Structures are given as structure tokens and as C-alpha cells.
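Comments concern the structure below.
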Amino acid sequence: MRRTLILLALGSALVPGAVLSQPYPGVALRWSHCFGEGTGFSNRSFACDTNSGVDVLVGSFVLREDLPSVSGCEITIDFNTAGPPPDMDPFPPPGPPLSDWWMFKSAGTCRQTALTASFVADPTNTVCLDWGAGQQVGGIGAYNIEAALGQGKARLLIAVAVPPSALADLTAGTEYACVTVGINHIKTVGAGACAGCTTPMFITFNRANVVTPVAANNRLLTGPVNGYDADRVAWNTGVTATRATSWGALKSLYR
């Protein structure tokens, strides 16, 4: 059943959705909590001194216009050891090679089972809604490491869908939680530990393709919902963690 639902969501993957403009539509990513809740963080500082615990990344999206009969979402999240280039350099130098600690999923990688994805929104949210009303299922399709992407880069591909009987009618200007990515601390210290936990990492919610049974109605969302930095977070960069401005506060700026 799960495989069938994911395939339904991916059925239109070869037909790109319409790219929407800012300011309202786009994507957001924060540590621990959904961006709109105002309690998530843009930087995670971890001492890398324990194998216990899990850090979570919460991804969300906002549509510019109402979209009925949403069946799923195709999610792309990029990892890069190189920081944002100065002056928007179109050809920035690559960062250090991806460390063993950030090697996930593929057979033979150091932390093969340390990356997970879940899809039901935190029930305590007051701003970020559960787009699939708890009916969605999905999974990680791939975690591509370097190769054609370039040194120090990885790309996480995720798909999630609801059954045909539970298609969702989504509303413009509403923030919807779409994925929670878990990064487990296993193999951080001790025997069999994977090196590189302390290496800074920059993570960007590249895009969310919100799909429907009619491919022409798909919506490909990219760019930050706040027009600045809502779509990216960092790991161990030495920067003081900052809370997200709430989505409600952001919307008030446009009234």
C-alpha cells in the first residue's frame, strides 16, 4: 500500500509544476520545529559527544493560490559543506569532502540507518497545519552523495502521498508541514564511530513539488517563504542559533 501511494505521488514527476513567485509561496526549513511556529532554530550546535538522541529538521511550504485535490509532495533537500558564497559568486569553490558522519542510506555507508523521514505534523502546532490530515505515507527515495553533485554535496529525495480517497484541498497563504527528517546520533563516539560530526554543514530545502492527479496543476515551490533565509539551516557553524519569526508575524507585514 505504501509503495502504491508513493508511486501515485511520483506519477507526474516528469512533468514539472509551475514555478510560483514570491513573496508568499515557497518553502521553509528549521531545526526542531516548523518555521511558522517561531520556535525552531536556524543553526544546530552539537558537541558530538554522545550516540544518544536525534536531531530533526522540519520542512514546510506555502502556496500562493488555493490548490484542490493535492495527492502528495516530492521533496528535495540539499546538503553542502561549503557555506553561502560571498557576493553571490556563481562559481564558488567546493567545500571539504563529505565526512563519514554525513554518509547515510546507501549500503556500506558509515551511518546507513541514521537518516529517517516522517510525515505527520506535530500535533502541538498552532500555525503549521498537517496538509494530509494524518493520512499521508512516504519514504526516502534516495540520498545521493557527491559524484555528479560535486565535492562536499549530497541530495536527499523524499516522496509522500495520501490515498486517492483522501485528496487534500489546500489554501493559499497557509503554512503546511510536509516532512520531518531525523538525524540520529548513532556512531558519533566510541568504537566504530564515524568521523566528521563536528564539520559544519549547510542544508537547504531546495524545492517542494506539490502534486495532484492532474500534472498540469502541480505547483513547484522554491525559495524562502520569508524572502530571506527560511529555506536553509546550518549545523555546527559556530553561529548563535536564532529562532524563526512566526509565519503569523510575517503575514502581518503584507496586510
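The values are calculated or read from the model by the stated rules, or taken from the named source; none is laboratory data. Because the structure is a prediction, the values reported are computed rather than measured. Here the Cβ is made from the backbone with ideal geometry for all residues, glycine too, and neighbour counts use every protein chain on show.
Note on segment 34-58: residues that are closer than 14 Å to Cys178 by Cβ and surrounded by fewer than 24 Cβ atoms within 10 Å (Cβ to Cβ) total 2. Residues in segment 193-209 include none that are more than 16 Å from Trp102 (Cβ to Cβ) and either among the β-branched types (Val, Ile, Thr) or free of Cβ contacts under 8 Å to residues at least 40 places away in the same chain (or both). All conditions in (1) surrounded by 16 or more Cβ atoms within 10 Å (Cβ to Cβ); (2) modelled with pLDDT under 95; (3) of a type in the set (Ser, Thr, Tyr) hold for Ser106, with the sole exception of (1).
Scanning segment 30-52 for residues that are among the small types (Gly, Ala, Ser) and either out of contact with any Phe, Trp or Tyr (no Cβ under 9 Å at 6 or more places or on another chain) or free of Cβ contacts under 8 Å to residues at least 12 places away in the same chain (or both) yields Ala47, Ser52. Within segment 104-136, the set of residues being farther than 24 Å from Gly26 by Cβ, charged (D, E, K, R) and assigned to a loop (DSSP other than H, G, I, E, B) comprises just one member, Lys105. Check segment 159-170 and report whether any residue there is under 20 Å from Leu98 (Cα atoms), outside any strand (DSSP E or B), more than 12 Å from the chain's Cα centre (by Cα) and modelled with pLDDT of 95 or more. Within segment 159-170, not a single residue is under 20 Å from Leu98 (Cα atoms), outside any strand (DSSP E or B), more than 12 Å from the chain's Cα centre (by Cα) and modelled with pLDDT of 95 or more.
In a residue-by-residue description of segment 98-110, the property of being more than 18 Å from Phe205 (Cβ to Cβ) and of a type in the set (Lys, Arg) applies to at least one position. In segment 71-86 there is at least one residue that is without any contact (Cβ under 8 Å) to a residue 40 or more places away in the chain, more than 23 Å from Pro164 (Cβ to Cβ) and surrounded by fewer than 17 Cβ atoms within 10 Å (Cβ to Cβ).
The residues of segment 170-197 that are charged (D, E, K, R) and under 21 Å from Ala28 (Cβ atoms) amount to a single one, Glu175.
Checking the conditions here, which among Gly173, Gly139 is in a strand (DSSP E or B) and in contact (Cβ under 8 Å) with a residue 60 or more places away in the chain? Talk me through it step by step, then tell me what you get.
Details: Gly173 fails: in a strand (DSSP E or B).
Just a single option satisfies the conditions, and that option is Gly139.
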